[in-house]
Each structure stands twice: as C-alpha cells, then as structure tokens.
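One structure below.
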Amino acid sequence: MKSEVERLKIGSVIAASIWRLVKVNPAVWAIVALVVIFSALVPDKFLSTSNLVAILKNFAVTSMLAVGPTFVILLGSIDVSYMGIWMFGGALVWLLYPYLGLASIAIYPIFGLLVGLFNGVVHVKAKVPSFILTIAVTAVLAFLTTYVRNISGVLTLIVPAYNFLRESPIPYIPSPFLLALPVIVLALFIMFFTKLGTYFCAIGSNEEGAKLAGINVEKYKILAFTLSGLLTGLGSIAIFVHLGCQTRVDFDPSELVRGLAAIVLGGTPLAGGMGGPHRTLLGALVYVLIFNGLFLLPGVDPNHLKLYVGTLLLGAVIAASRALKGALIA
Amino acid sequence: MGTLDPILEVRDVSKTFDRVVRALDNVSIMVRRNEIVSVVGENGAGKSTLMKILVGVYQPDSGEMYQMGRKVPFPRDPLDALSRGISIVYQERGVIPHLKVYQFLFLGLEEKFTRLGRLQLGKIIGLAKSVFEELGLKCDLASSMYELPPSTQKMVEIARAILSVRLMVGMDGEAEIIPVIILDEPTAPLSIEERDELFNYLLNLKKSNSFIFVSHIIPEVMKFSDRIYVLRDGRVVAHHDLSSEKVTEDQIFREIVGRESYYDLWARYVYGAGAVEGRRVVLSVRNLTKKGYFENISFDLHEGECIGLFGPAGCGKSEIAKALYGEIAADAGEILVDSRKVKLKSEPYARVKLGIGYFSGETGKELFLFWPIRKNVSIVNFDKVTKRPLKIISVISFNAERSLAEKIMKKLRIRAPNVETECYSLSGGNKQKVSVGKWLEKSPKILVLEDPTIGIDVGAREEIYEVLLEMKKNGIAMILVSDDPKEYAILCDKIISIRGGVIQATYTNEEFRRLMGL
C-alpha cells in the first residue's frame, strides 16, 4: 500500500506534467477556450451527440491529412503532396478494384510510400525546393484523377463494395476515426519511441550539428518524406471511407490549407526543429472546433465559412510565429 | 592639460549579467595621450565586456566615466561613442571582403559625401589617398578588401576607425579630442611577420592617436605597450607602467591565470609517460592534399595520443581536421583508420561509424540548444538507449536515456537541476560539457577537437581539459585545432606546426612549451 506521502508525490508529478503539457502546447488552451465558448453560445447544437460525432469524424479526416507531412515539416522542409496521394490513390483503388477486389485498397499505402520516396529522393539528390516539388506532384496527381474520371465517363469514382467499412462496430464512434486511430498510434510511436523522431528534430533545428553528430542527413530526409507519404496513404483510407468510399475528383485549395493549418496551429513551426504529430493532433482539433462551431452559430453564412476560417488562420499563424520568435530569443 | 593627464578614464565600473554572472567588479582604467595601453586576461576575464561598455554596446551597472578630465555619462550606443572619439576594431567580422578599399573605408559615412543623392567618388578617393599617406599605409584603393593580405586588411580597418572618429567628431585641426581606438585581439589572424608589420604601423599612429590593445599574447603585449592592465575574473589584478618598472613575461602570466601554471595538468595525465611508440597506430595520414588549403600532410596518430595542428588562422589546420571527420574531401593522399584505407570523400556519419568523433566548443555548432540534456546525450548513443523487441524495431527506453545522461552529468559535474534541463539555460562551460559528454560513452577511437574551450571561463576550461585528458588516458586518440597555444601545451603530446598548408616542424610537448615560453 502506498503511503500518503507517496500518493501526494505522485499527485504533484502528475500535476506538473499536465502543467508542462499545457505550457508547451498552447493549442490545449485554444481547445478549452473553443469548447467553452461554443458550449455557452449554442449549447444544444454544439453538445448534441450528432455534432460530437461529426467533430470526431472531421478530426479524423483533418489529422489524416496532416500527421504524415508533420514529419517533413520537422525537418524544416514541407510536403503538400498529401492532396495528390489522397486523390489519385483513390482513383487507383477505383481502377484496380475490378482486378484485385477488396485488396485493391492496399494500393493506398503503397502508392503513398512511392510518392513519398520519389519526393524525398528528388528533393535531396536534385536539391529541388520541397514546396515547389510537392505542389507540382499534387498538381499532376490531381489532374490525373480528374482525367481518369473524364475518360471513364462516370460522375464519381465510387467503390460501393467498401461500404461495409462505413459502419462502426462501436456506437457513437465513427468508423473513419477508428480507421485513423492506428495511423495516429503509429505516428506517435515513431515520434517518441524510435530514434527517427529525434533525428528529424535534430536535422530541423541544427542541420550542421546533426551532421557533426554523425547522422546521415540525406538518408533521414528521404526517410521522412517516405514516411510522410506512407502515413498519408494509410490515412487516406479513412478519408476515402468518410467521403462514402470515393475520392475527390476536383482540386480544392482549402483542403490543401487544412493539413498545413492543423500542423501550424498545433505548434510545429514551418521552420522545423520542434513539435511533432502530437501537436498536429491538437492543431487538427482546434481547426475542426473552429469550423464546426462557426457553422453552428446563428447569423454566420455557411457560404462564407471558408473565408472566416481562412482569415482566422492567417491571424493565428502570424501570432504563432511571433510568439515562437519571442520564445527563441528569450 | 599635461601630457600625463588621462584623456579617457573609467572608475569603479561594475557589470553583472543575468543578475548572477559578475563580469566586471569595480574596474578602473585610464588612457593617456599618445600611448598604447594593453588590457590582458584570459577568455572570460571581462576584457570584452569592458570594451563594449567603452563603446556603448553595454551599459554598466555602476561606475563613472571621464573624458579630458570632465565627468561624462557612459556612451549610449556605438555612434555616441564614436562622436566622442572612441572607436573599436573587432577581432573578426570587421572586413567586408567584396567591397573595394575606399568603399569599405567610408562604409556608413557616405552621407557626408553625398550631394543631391549622388556619391562624390572623387572627393572620397581624394580623402582616402591623403589619409593613407598620412598614416603611412600603402595599398591600392581600387582593389577589393579580400585581395589584401590579412595585416593590410587590419590596417585598413584601423584607418577606418580613425577616419570615422575624425568625421564624426568633425575635428578641423584643433585636436581637442584625441581618438581612442580599441583593438580587440588584432593579431589573432596574423603570422609573426605580419604582427610586426602591424605593430610598426601602430607605433607610427601613436603620434596622433591612443590605443587600447586587448590581447592574451604576452610577448607582443610586452613589446609594444606603454602600460598594461591585467584583468582576472572581472577585476584589475595588476597595473604595470613599462616605462618605469621592469616586469617579466612570467610575472604577467602568473597574474593572468592567478597561480603558478596549469601546464602540470598535462604531465599528470601523460599516457604511459609519453611513450607512444609502442602503441597501436589508429590513424595514419599520408600525403593528404587539398588544393589551395593543404599539401602533403602526413602523420601517425597512436592510441591515447593527442596531436595538435598548430598555426595561424587560415594556415589549413581547420581544413585538415574537417577532411578527417568528413566535412570536406581531400583531393589526394591517404587516410588510414586502423591500417585500413578509407574513402577521402565521405560524410561525418560514415566517419562516426569508423570511430571518428567531433567536438567543437563553438556554442550551438553541435549542441541542440532547445533540447534537454538527455536528448543531447542520446543523439550519438542510440545503440545504448534502445531495446529491440523485434529485430527491425528499436524502441527507445526512457529509463536508459535518463540513466545514461545522469551518469554523464555526474561524471562531468554538469551543473543543472536535472537531465531534463534544456541546454540553452546552461552556462557556457556546462554546455560544452554536455557537448563533449555525449562522446564519453560512445568512446570513439579518435576525437577531433576544434577550439574545445572557446569562450568559457577558467574553471570550466580546466574541467573540460580534465575530461579530455581522462578520455585520452583511456586510449582515445585526439586531434586538436585551436587558436590558443596554451591549449596545445595542456592537451598535446605532439604539436605539428603548419604554415601555408604545409608541415613546417614537429615538436614534442616540452619543445613546444619552451618555444612558446609557456
């Protein structure tokens, strides 16, 4: 049996670690504030079961767009190929379904991995700036997706055979969330329990130092891009199911912003070196709460929602980068 | 005013950083007309802080300042100092390589030579010519700064300091204000001959200016100064007027370090009483060459031996070290680790695998400042802090990480609350200890050291030396590159003198100490 003193000690350790969590993750404050504000303004709508389920669903989708690229952003590079992987990966599933049957869903992670590997090798070996490279990749893949739809003469690239995935075995827990969970666990494991997380941060915060400490910088950069592609590929399955077992066929820049917004709001600076998937998850939650809450507010035109959220993000990003600069100087 | 009256004086200056580090403690110095005053002391003795107060970079906590006998406030900023006749030539970063000499000379002063937005080049060049003539400086005004030899670059910098004082003060003949030019370690990048050239130049300029000369090289200080202030731990511990008293170099040295000598450190740790001949050769370098940097470098490094590559900055010593740990690739020659040839073109990670580690004292170069000590230690030690439940997965064990970091903290006496302390909050010496500590458990065969104790105080230095010497005693071989002759005397068994990229001579520790007067 634990003595009173020991129990007190454990209590203070827990309190200290919670305090630390809140201190280093300002997104926690934002989440608490958003929940309090929207619960007060529109309690019946915001706290309804269906809305909470919707939040969970949207959280799964947003985090699946953002968790993979977080590793690349840790390096101080950027990877926006997630849109391309998600869109064209779905087209590939649709194309291959007649031949491979249900197994064709496995093309998602494989395709993601290959795109990530390609990005990494070209970025590192040919020294192509990562943003230009990955946005070009996304442009090509988005075009190909639309092209597949057009020449097939169909409206949507839907694969109804996967509909069974849409049903969740657990009540109130949406299936996209369940599908996202293993990806989240994998990302957190890589970040905290393998040396990869440390190496990525090392390269992002002090590339010269990482090199001098004997890290094969080129190899781990390629690995980060590959990992980003793989996680996005895996995560895209959750988004695919969320959209009713189909993929998006037209490119929407606001979806592109969504992933980056989750990363930056969570507190992984685009300059790299700190943060990680855990922060991205918090950032995804912040993003989803803002969107969801504003949607419920009376008097907010849903058509203008993207504008509001976009403007809000702009402010948040500027504030976050300023606060960070302050922290670095102090 | 008599010639002996001070033109610039500070009294009882104190300065504390971060409320704890006492950088200056009631320091008083003065400068007379037409003299060279030296301020000597170790790194961290407070020399730089004092100079920065004189030019307005820092404000002192307390103290008084007098100019021409009148009490004046301390300068608010460098521009204010300049307008009062005080200017500084910094040790490094002074020269802008791609500017032409006259452009550099008037950098920041162009305003005074602009009419209707157009720079009056003719006027500038004319003035530059007359100034150079007056100062006895011979060089082509139209050449770029980087084309000049290092000593001439320094002279141009000094000329610029004098010129800016004159222009800012607006002196027209009636020399009420005599420029006081502070020279911060001006000879650091220069060879011996170039140093003499620079000093002859200064002796000439002394007729119309006064100089404060900051240095830690005792012989040159003795040769060219009129008076010497010795600073130690933020206090003036001695003041000598060389025109009236006889002082020996030994005496000054003792005053600087505050005790007899700490070169006995080396002797305490000498590996097998200096006999390395029977030891295994861990690194052989044969005719290593990189065009334009170094040529035909050959030596053998034994287990537990430390070889110093000694020479002025730019002699190729740092490039040789870089070629050894894989930062740059040599063009020709051979590097053998444990008698096996290794590729000349390589990367640091491949060299780490071969057992070559690297440690620099430059803060932040290979330390992750925003990481806890624990992570900074485990970055090179992942094989020690991970477990393998499956063959392909290695999982970090936080307990192993923590206990490894704790072990190193204890061994190196790193002063920090715990292993989770982020490194930016540590003092310079403790940062360096974390930096070197990570190699302690890794035990590389060879450790390349670059300025291992740059910018830290005496006490911390000694601790770093002890750690390094202990590692050496345990058989780790070392290559040292530094700017400080004392460091070579403390750490090295053998010193290879390099000049212009080629080996000039090889000395034993004793020979080297005799030669340097240490």
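We did not get these values from a lab; they are worked out from the coordinates using the rules stated. The model shown is predicted, which means the values in this text are computed figures rather than measured ones. Glycine also receives a Cβ, built like all others from the backbone with ideal geometry; neighbour counts cover every protein chain displayed.
State the Cα centre-to-centre distance between the stretch B:221-258 and the stretch A:197-248 in whole Å.
Using only Cα atoms to place each centre, the spacing works out to 59 Å.
Between residue B:365 and residue A:185, what FRET efficiency comes out of the Förster formula 1/(1 + (r/R0)^6) with R0 = 45 Å and r the beta carbon distance, rounded to 0.05? Walk me through the intermediate numbers first.
On the way: r = 36 Å, r/R0 = 0.81.
The value I calculate is 0.80.
Can you return the aspartates and glutamates within cross-link range of residue B:71? Criterion is Cα-Cα under 18 Å, with same-chain partners fewer than 8 residues away left out.
B:5, B:9, B:12, B:61, B:80, B:176
Can you tell which of A:153, A:244, A:84 shows the greatest fluctuation in a Gaussian network model of chain A with Cα springs below 10 Å?
Of the options given, A:153 has the highest mean-square fluctuation.
For helix B:398-411, what angle does its Cα long axis make with the longest principal axis of chain B, in degrees from 0 to 90 and rounded to 10?
Between the helix axis and the principal axis of chain B, the angle is about 60 degrees.
With the dipole of the stretch A:48-206 worked out from charges on the C-beta (+1 for Lys and Arg, -1 for Asp and Glu) around the Cα centre, which of A:150, A:175, A:121 lies farthest toward the positive end?
A:121
In straight Cα distance, which aspartates and glutamates are under 20 Å from residue B:246, not counting same-chain residues fewer than 8 positions off?
Leaving aside aspartates and glutamates fewer than 8 places away in the same chain, those within reach of residue B:246 are B:35, B:220, B:226, B:255, B:260.
Please report, in debye to the nearest 20, how large the charge dipole of the stretch B:377-518 is about its Cα centre when each Lys and Arg carries +1 at its beta carbon and each Asp and Glu carries -1 there. Display every interim value, and only then the final one.
On the way: 23 positive and 19 negative charges, 128 e Å.
The dipole magnitude comes to about 620 debye.
Given the DSSP H assignment, sum -39500 (n - 2.57) over each helix run of at least 4 residues in the protein assembly as shown and divide by its residue total; what's the result at 222 nm in deg cm²/dmol, nearest 500?
Details: 32 runs with 424 residues, N = 848.
Helix-only estimate at 222 nm: -16000 deg cm²/dmol.
Would you work out which of B:369, B:453, B:403 lies farthest towards the positive end of the dipole of the stretch B:307-460, given +1 charges on the beta-carbon of Lys and Arg and -1 on that of Asp and Glu, about the Cα centre?
After comparing all options, I get B:403.
Name the residue, out of A:18, A:85, A:215, whose mean-square fluctuation peaks in a Gaussian network model built on chain A with Cα pairs under 10 Å.
Ranking A:18, A:85, A:215 by mean-square fluctuation puts A:18 first.
Please list, in order along the stretch B:287-292, the HN-Hα scalar couplings obtained from phi with the Karplus expression 6.51 cos²θ - 1.76 cosθ + 1.60 (θ = phi - 60°), rounded to whole Hz, x for Gly and Pro.
With coefficients 6.51, -1.76 and 1.60, one gets 6, 5, 9, 9, 3, x Hz.
Find which of A:88, B:50, B:477 sits farthest along the positive direction of the dipole of the protein assembly as shown, computed with +1 on the beta-carbon of Lys and Arg, -1 on that of Asp and Glu, about the Cα centre.
Farthest towards the positive end: A:88.
When we measure straight from the Cα of residue B:375, which aspartates and glutamates land under 13 angstrom away, once same-chain ones fewer than 8 places off are left out?
Cα-Cα hits under 13 Å: B:366, B:401, B:406, B:420, B:422.
Could you work out the mean count of beta carbons from other protein chains within 10 Å of each residue's beta carbon in B:343-350?
Numbers: counts 0, 0, 0, 0, 7, 9, 11, 2.
Average neighbour count from other chains, rounded to a whole number: 4.
Can you tally the net charge around residue A:309? Count Lys and Arg as +1, Asp and Glu as -1, for every other residue whose Cβ sits under 14 Å from the Cβ of residue A:309. Let's see the in-between values first.
Details: positive: A:258, A:306; negative: A:252, A:255, A:301.
The answer is -1.
Once phi is turned into θ = phi - 60°, what whole-Hz ³J(HN,Hα) does the Karplus curve with 6.51, -1.76 and 1.60 give for every residue of the stretch A:101-107, x standing for Gly and Pro?
So the Karplus estimates, Gly and Pro as x, are x, 4, 5, 5, 4, 5, 5 Hz.
What are the extents of the Cα atoms of the stretch B:404-468 along their three principal axes, in Å, largest first?
Between the extreme Cα coordinates on each principal axis of the stretch B:404-468 lie 30, 26, 18 Å.
For peptide A:212-223, how many partner chain Cβ atoms fall within 10 Å of a residue's Cβ, on average? Display every interim value, and only then the final one.
Values: counts 17, 15, 17, 7, 6, 3, 2, 2, 1, 0, 0, 0.
Other-chain Cβ atoms within 10 Å of each residue's Cβ, averaged: 6.
Longer than 19 Å from Cα to Cα, which of A:9/B:410; B:47/B:365; B:353/B:438; B:387/B:473; B:154/B:322 are they? Say none if no pair is. Write down the numbers at each step before the final one.
Working: A:9/B:410 25 Å; B:47/B:365 24 Å; B:353/B:438 15 Å; B:387/B:473 31 Å; B:154/B:322 27 Å.
Those over the limit are A:9/B:410; B:47/B:365; B:387/B:473; B:154/B:322.
When ranked by the protection proxy of mean other Cβ atoms within 10 Å per residue, highest first, what sequence do the peptides A:98-104, B:131-137 form? Walk me through the numbers before you get to the answer.
Working: A:98-104: 11.6, B:131-137: 15.3.
Most protected by this proxy first, the peptides run B:131-137, A:98-104.
Taking just the alpha-carbon atoms of the stretch A:26-323, what radius of gyration and Dmax come out, in angstrom?
19.0, 58
Provide the net charge surrounding residue A:280, with neighbours chosen by a C-beta distance below 15 Å and charges set as Lys +1, Arg +1, Asp -1, Glu -1. Working shown, then result.
Numbers: positive: A:258, A:279; negative: A:79.
Here the count lands on +1.
Which of A:165, A:179, A:65 moves the most in a Gaussian network model of chain A with Cα springs under 10 Å?
A:165
In what sequence, highest mean first, do A:157-163, B:221-227 appear when ranked by Cβ atoms within 10 angstrom? The partial results should precede the final answer.
On the way: A:157-163: 16.4, B:221-227: 18.7.
Highest-to-lowest ranking by the protection proxy: B:221-227, A:157-163.
Once you charge only the Cβ atoms, +1 for Lys and Arg and -1 for Asp and Glu, what is the size of the charge dipole of the stretch A:163-228 about its Cα centre, to the nearest 20 debye? If you can, show how the numbers build up before the last one.
Values: 5 positive and 4 negative charges, 17 e Å.
It comes to approximately 80 debye.
Compute the helix-to-body angle for B:458-473: its Cα long axis versus the longest principal axis of chain B, expressed 0 to 90° and rounded to tens.
For helix B:458-473, the angle is close to 30 degrees.
For residue A:308 and residue A:143, FRET efficiency with R0 = 30 Å and r from the beta-carbon atoms, rounded to 0.05? Intermediate values should be presented prior to the final figure.
Numbers: r = 30 Å, r/R0 = 1.00.
That gives a FRET efficiency of 0.50.
Taking the highest mean first, how do the peptides A:72-79, A:298-305, A:50-57 order by number of other beta carbon atoms within 10 angstrom per residue? Before the final figure, lay out the partial values.
Values: A:72-79: 26.8, A:298-305: 9.2, A:50-57: 16.0.
Ranking the peptides A:72-79, A:298-305, A:50-57 by packing returns A:72-79, A:50-57, A:298-305.
Summarise the partner chain shielding of B:385-396 as one whole number: the mean count of Cβ atoms from other chains within 10 Å of each residue's Cβ. Numbers along the way, then the final one.
Details: counts 1, 3, 1, 0, 0, 0, 0, 0, 3, 3, 5, 6.
So the per-residue partner count for this stretch is 2.
Rounded to the nearest 20 debye, what is the charge dipole size of the stretch A:182-330 about its Cα centre when +1 sits on each Lys and Arg Cβ and -1 on each Asp and Glu Cβ?
Numbers: 10 positive and 7 negative charges, 66 e Å.
The calculated dipole for the stretch A:182-330 is roughly 320 debye.
Measure nothing fancy, just the Cα-based angle from helix B:192-205's long axis to the longest principal axis of chain B, in degrees from 0 to 90, nearest 10.
20
Taking amide H positions as placed 1.01 Å from N in the peptide plane, with prolines and chain starts having none, which residues 5 or more places from residue B:447, or on another chain, fall under 5 Å of its amide H?
Correct list: B:357, B:477, B:478, B:479.
Taking other Cβ within 10 Å of each residue's Cβ, how do B:423, B:139 sort, fewest first?
Numbers: B:423 21, B:139 17.
With the fewest neighbours first, B:423, B:139 line up as B:139, B:423.
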